1. Counting only residues that are in contact with a Pro (Cβ under 7 Å, 6 or more places away or on another chain) and either surrounded by 14 or more Cβ atoms within 10 Å (Cβ to Cβ) or of a type in the set (A, V, I, L, M, F, W, C) (or both), how many does region 24-51 have?
2. Identify, by number, the condition in (1) within 17 Å of Gly108 (Cβ to Cβ); (2) acidic (Asp, Glu); (3) not in a strand (DSSP E or B) that Glu56 doesn't meet.
3. Tally up the residues in region 83-99 that are closer than 15 Å to Gln55 by Cβ and assigned to a strand (DSSP E or B), please.
4. Hey, any hits in region 72-88 for a residue that's in contact (Cβ under 8 Å) with a residue 24 or more places away in the chain, in contact with a strand residue (DSSP E or B) (Cβ under 9 Å, 6 or more places away or on another chain) and of a type in the set (Ser, Thr, Tyr)?
5. Does Asp27 satisfy the condition of being assigned to a loop (DSSP other than H, G, I, E, B), more than 24 Å from Arg75 (Cα to Cα), touching a strand residue (DSSP E or B) at 6+ places or on another chain (Cβ under 8 Å) and of a type in the set (D, E, K, R)?
6. Count, please, the residues in region 32-81 that happen to be over 21 Å from Pro19 (Cβ atoms) and in contact with a Phe, Trp or Tyr (Cβ under 6 Å, 6 or more places away or on another chain).
7. Restrict the check to region 26-36 and report whether at least one residue is modelled with pLDDT under 95, over 14 Å from the mean Cα position of the chain (by Cα) and more than 24 Å from Pro127 (Cα to Cα).
8. Does Ala95 satisfy the condition of being buried (at least 16 other Cβ atoms within 10 Å of the Cβ) and of a type in the set (Gly, Ala, Ser)?
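The values are calculated or read from the model by the stated rules, or taken from the named source; none is laboratory data. Model, not experiment: these values are computed from the prediction. Neighbour counts are summed over all protein chains in view; Cβ atoms, including those assigned to glycine, are modelled from backbone coordinates with ideal geometry.
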Amino acid sequence: MAAIPPVSDGGPDDPVWYPLQHVLGIDTFGANLFVASRADQTLVEVHDERESGQQELYVTLEGEALFHLDGEEARLERGTALAVTDPSVRRNAQALTAGTALLIIGAGPTSFASTWNPRHFEDIRRPD
């Protein structure tokens with residue numbers, strides 16, 4: 001296990017950023033943790049992933065976050081997740097409470113090949 005030091009984009013309003021991907025030497029997907037020091041702090045800047053083709057998974061580990069997804073809103077409370085599988089969706093997120101911790105995982109456009117036995121998922125529906 002590695003201690004994860006925080007880094008900064010340099011802005012005074014930036015959340016605390018833990019660069020999991022970099023510190024752990026991960027090369028096949030992105031992984032970062034952002035922690036809000038105050039409510040209403042931006043955790044995810046407005047962006048889309050058209051250029052990268054990346055899909056992103058957001059998991060709220062603590063607190064609550066408000067997402068804007070192409071004009072729609074989604075509130076993520078502690079222990080909830082949101083997948084943005086369409087790279088063209090414009091998205092951003094703000095912390096609704098101080099201490100909101102948002103884990104973000106992203107991967108490129110190539111399909112993931114699971115090594116799990118497909119029988120494990122026979123009764124679990126995948127979204128269309």
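1. 8
2. Of everything listed in (1) within 17 Å of Gly108 (Cβ to Cβ); (2) acidic (Asp, Glu); (3) not in a strand (DSSP E or B), Glu56 misses just condition (3).
3. Pass one, region 83-99, residues closer than 15 Å to Gln55 by Cβ: 83-91.
Subset that is assigned to a strand (DSSP E or B): 83-84, 91.
Count: 3.
4. Yes - at least one qualifying residue is present in region 72-88.
5. Numbers: assigned to a loop (DSSP other than H, G, I, E, B): yes; more than 24 Å from Arg75 (Cα to Cα): yes; touching a strand residue (DSSP E or B) at 6+ places or on another chain (Cβ under 8 Å): no; of a type in the set (D, E, K, R): yes.
When the stated conditions are applied, Asp27 does not pass them.
6. So the answer is 1.
7. Checking region 26-36: at least one residue is modelled with pLDDT under 95, over 14 Å from the mean Cα position of the chain (by Cα) and more than 24 Å from Pro127 (Cα to Cα).
8. Values: buried (at least 16 other Cβ atoms within 10 Å of the Cβ): yes; of a type in the set (Gly, Ala, Ser): yes.
When the stated conditions are applied, Ala95 passes them.
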